[in-house]
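Report on the following structure.
No lab work stands behind these numbers, since they all come straight from the coordinates. A quick note: this is a predicted structure, and the numbers were derived from the prediction, not measured. Cβ atoms come from the backbone with ideal geometry, glycine included; neighbour counts cover every protein chain shown.
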Amino acid sequence: MRFARFVLEETIAYGVLNGPLDGTVGDVGSDVAAEHTVTVIDGHPFGPHELTSVTVPMVDVRLLPPVLPTKIVGIGKNYADHAKEMDSEPPATPVMFLKPSTAVVGPRDPISLPAMSTQVEFEGELAIVIGRLAKDLTPERVDDAVLGYTCANDVTARDLQQVDGQWVRAKGFDSFCPLGPWISTDIDPENLTLQTTVNAEVRQSSSTAQMVHAARDLVAFVSSVMTLVPGDVILTGTPAGVGPLRRGDEVAVEIEGIGRLTNSVV
């Protein structure tokens, strides 16, 4: 199942995406097929809900970020090849950082380059969306606490990250956490292809199987540190190939079984 959050006739709603489940569907404005529709649900995915009789074409809605998290927990250097390109080693224990909720934008929303940075970079990532209150999970219990998965771009002001020696400013600007295009609930996160393109040129191509710490282990680890609440998001790290974003670029993160998250750069 794929849950989308969207605006329909000036009303914000959640719905279930209908259409081919081959994982290749992109986002509104690119290659959503004519047969893709969305059925509005009564309620929301994090609580009781049921399908309504209202079904509309996807091309008639404006997608929003699929979730508005209370917190976004990022994981640094979780692919060995990315750690290498950053001149470091993969950490034995997951390295966590936080991004503010105000960094979240949705599909087709712009990424704004801050005036104080001259080196803003993309980082395509798998994002985990928490579905229920969770603390001190074991990896075997993680699936019960996860609603599903979406695409993310952990946009980073690399020059500020290097200057500050910590990551709050570099990763915390408004629009520095695109999420979407929807939440996929019926996928296994452990071996999904991930690709990031800039202006249709492939910059990152990898698989979640290459993570140093697997997705379920990350959820268990984070929950041992802090309570996770419905809607919280965990970013699972990025593979090698990160690079700069310039004004006018179009960056897309595509993950098998989910879809494509596309954003412009302004």
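Report the antiparallel proportion of the DSSP beta bridges in the chain as a percent, rounded to a multiple of 5.
On the way: 61 of 67 bridges.
Of all bridge pairs located within the chain, approximately 90 percent are antiparallel.
Using only the alpha-carbon atoms of region 87-171, report the extent along each of the three principal axes, biggest first, to the nearest angstrom.
Computed over region 87-171, the largest-to-smallest principal extents equal 43, 35, 18 Å.
Suppose the chain between Asp249 and Val54 were pulled fully straight at 0.36 nm per residue; how much longer would it get relative to their current alpha carbon spacing?
Once the chain is fully extended between Asp249 and Val54, it gains 66.6 nm.
Would you list Trp182, Trp167 from fewest to most Cβ contacts within 10 Å?
With the sparsest Cβ surroundings first, the list reads Trp167, Trp182.
Which residues make up the longest stretch of the chain clear of GluC sites (Glu not before Pro) that lie in a DSSP loop with no more than 11 other Cβ atoms within 10 Å, not counting the sites? Could the numbers behind the result be given before it?
Numbers: sites that count: Glu9, Glu10, Glu35.
Segment 36-266 is the longest.
For the chain, take the longest principal axis of its alpha carbons; what is the angle in degrees between that and the long axis of helix 215-225, to the nearest 10 within 0 to 90?
With rounding to tens, the tilt is 70 degrees.
By how many nm would the segment from Val202 to Arg169 grow when fully extended, if each residue of separation counts as 0.36 nm and the alpha-carbon distance is taken off?
Length gained between Val202 and Arg169: 9.1 nm.
For the chain, compute Rg over Rh where Rg is the Cα radius of gyration and Rh is the Kirkwood radius from the inverse mean 1/r over Cα pairs.
0.95
With each label point set 7 Å from Cα along the Cα-Cβ vector, what nm distance links Asp87 and Thr11?
Calculated label separation equals 5.6 nm.
Which of the trypsin sites (Lys or Arg not before Pro) across region 60-148 are loop residues per DSSP, with 15 or fewer other Cβ within 10 Å?
When the trypsin sites (Lys or Arg not before Pro) of region 60-148 are filtered for loop state and at most 15 Cβ neighbours within 10 Å, Arg132, Lys135 remain.
Calculate, in nm to one decimal, what Thr227 and Gln162 gain on full extension: separation in residues at 0.36 nm each, minus their alpha carbon distance.
Fully extending the segment from Thr227 to Gln162 adds 20.4 nm.
What distance in nm lies between label points placed 7 Å from Cα along the C-beta direction at Glu190 and Ala209?
About 1.1 nm separates the two model spin labels.
When the helices in the chain are scored as -39500 (n - 2.57) per DSSP H run of 4 or longer and the sum is shared across all residues, what 222 nm value do you end up with, to the nearest 500 deg cm²/dmol?
Rounded to the nearest 500, the figure is -3000 deg cm²/dmol.
Give me the lysines in straight-line cross-link reach of Lys77: C-alpha distance below 21 Å, same-chain residues under 8 apart excluded.
Lys99, Lys171
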